[in-house]
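This report concerns only the one structure given below.
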């Protein structure tokens, strides 16, 4: 059920307690559900309590079982607390062809709940994308909160980090340009995308070099677009050298490496 490896202070933040309370379950009730899913009788309320308090870690199997019991995708338990748009209906357990399955009650689900289910399924698909996983892990390690996937045009990869809509771009190719003594990773950025988001996260993943992530607010990138230009280019160097030696462009992008502090959590507006 749990893993005791590692320093408790360094264990990944999660929102299991928040989701359990949101579903109006006690620790014992959640433990009973998880025990049924895993077909085990040694899981008790104390087991859930130790995980929630980060006194012990969790295994992948236990995380998936807890997620099933709470009716959410496992990644959501690691990324965000419940919101008002989440359905608070409890889910019941049943056995179907030897597999555990949960169904919302009542059987007649309103259209609004069906839309919510589709949104959450799409959210789970987005979180599961390989291109986004390294970014999500790095953001969580920096104590950022990953919010709902916005209900907008899905032509671009995007995440809601600390309340900021961020476009995520990934490149795996490093190239040395004529007249340059160093390699760059090139990103092409559309003006229309930059107009929609508040920041852009550049994930540099060349197979033979160290992976790096740069977090850049929109205002840093706007000067790339002059006049009616529809597309701009960002050239991120693969090694740190003085800015004056940068040929493409003469901007010190290194100050934005893992700059998650540029996305300070937004204050909730009073209603």
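Coordinate-derived values only; no laboratory data. Just so you know, these numbers come straight off a predicted model, no measurement behind them. Neighbour counts are summed over all protein chains in view; Cβ atoms, including those assigned to glycine, are modelled from backbone coordinates with ideal geometry.
The mean sequence distance of close C-alpha pairs (under 8 Å, at least 6 residues apart), as a share of the length of region 134-262, puts its relative contact order at 22 percent. Treating r as the C-beta distance of residue 141 and residue 239 and R0 as 25 Å, the FRET efficiency rounds to 0.60.
Legend: translational diffusion of region 134-262 by Stokes-Einstein, Rh = Kirkwood radius over C-alpha pairs, 20 °C, 1.002 mPa s; D = 140 µm²/s.
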